[in-house]
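Single-structure report; data block below.
Readers should treat all values here as calculations from the given coordinates under stated rules, not as data from a laboratory. The structure presented is a predicted model; accordingly, all values stated were derived computationally and were not measured. Cβ placement follows ideal geometry from the backbone for every residue including glycine, while neighbour counts extend to all protein chains displayed.
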Amino acid sequence: MFTKRMMRVALVASAALFTAAVMPTYAHHSFGAEFDSNKPVTMTGVVTRLEWTNPHVYLFIDVKDKAGAVKNWGFEMGPPHMLQKAGWKRNSLTIGETVTIDGWLARDGSNHANARKVTRKSTGEVLGAASTGGQTLTGTPKPGGAAPVAIGSTQGTQGKK
């Protein structure tokens with residue numbers, strides 16, 4: 001026979017299981033699981049969309065391949081709060097603006113990559129974009145001046161790509 005205490009425990013456990021089953025789950029991944037650090041990429045294209053969402057901001061650009069065909073590429077960046085600390089705002093880029101993005105290709109061969117930095121063609125401004133602070137560059141290069149500095153790193157990464 002069930003006691004009142006056993007019934008309460010069973011009800012609480014059932015409620016917890018039910019809640020866990022109906023809540024949406026969001027899987028988060030490590031960089032190495034999705035992107036290949038041995039496949040760096042630099043692409044120039046026109047901004048088509050910027051999704052300012054958690055856990056990552058996504059930037060989409062149209063890129064012309066060698067044959068002249070236009071392909072849309074999606075670049076995963078850091079979370080909104082980290083990009084804001086690096087100087088980003090929701091309106092830092094405009095649709096139709098040309099940018100150059102440095103990053104790493106996705107392992108699955110799709111038109112997807114992880115962005116490390118975004119450079120605005122019109123101004124030369126460098127916006128750090130990486131998910132990992134030690135890899136994020138920011139700043140505007142000055143003629144004859146120092147290279148952009150890595151945000152979140154204390155190991156003398158100035159000038160590194």
Next item on the list: With label points built 7 Å along Cα→Cβ from the Cα atoms of Thr48 and Lys64, find their separation and express it in nm.
Entry: 1.6
Next item on the list: Rank these for me by crowding, Val118, Val70, Val126, going from fewest to most other beta carbons within 10 Å.
Entry: Val70, Val126, Val118
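If you rank Trp104, Trp52 by fewest surrounding Cβ atoms within 10 Å, what's the result? Please report the intermediate quantities before stating the final value.
Numbers: Trp104 22, Trp52 18.
With the sparsest Cβ surroundings first, the list reads Trp52, Trp104.
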Item checked: Per DSSP, loop trypsin sites (Lys or Arg not before Pro) in the range 85-119 with at most 16 further Cβ within 10 Å -> Lys89, Arg90, Arg107
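Report the gain in length on full extension from Ser37 to Asp108: 0.36 nm times residue separation, minus Cα-Cα distance, nm rounded to one decimal.
On the way: separation 71, 0.36 × 71 = 25.56 nm, distance 1.31 nm.
Contour length minus the Cα-Cα distance gives 24.2 nm.
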Next item on the list: For Ser92 and Thr123, calculate 0.36 nm times their separation in residues minus their Cα-Cα distance, and state this gained length in nm to one decimal.
Entry: 10.0 nm
Notebook entry, point to check: Can you sort Thr44, Thr119 so the residue with the fewest Cβ neighbours within 10 Å comes first?
Noted result: Thr44, Thr119
